[in-house]
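This report concerns only the one structure given below.
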Amino acid sequence: MFKKTGRKAKISGELMKFLWKNKLWWLVPFIIILLIFGIIMIVAESSVLGPFIYTIF
């Protein structure tokens, strides 16, 4: 279980290094926003507020 978590962290770290090295640092806010939306969608599935959050999107 922990190996997969470490592996995902390694991949995201490599992505950030790649973006910074290739001067694509302006993409970092977009990636962060996508991650936040993903977390909201996961939380919305398991809560009572799910139908209300889905109407926003």
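Every read-out reported here was derived from the displayed coordinates using simple, explicitly stated rules and does not represent laboratory data. It should be emphasised that the depicted structure is a prediction, and the values quoted were computed from it without experimental measurement. Using ideal geometry, Cβ is built from the backbone for each residue, glycine included, and neighbour counts are taken over all protein chains shown.
What is the calculated FRET efficiency for LYS17 to ILE42, with r their C-beta to C-beta distance and R₀ = 30 Å, to the nearest 0.05?
Numbers: r = 26 Å, r/R0 = 0.88.
In this case the efficiency is close to 0.70.
Per-residue extension of 0.36 nm, minus the Cα-Cα distance of PHE30 and ALA9, leaves a gain of 5.7 nm for this segment.
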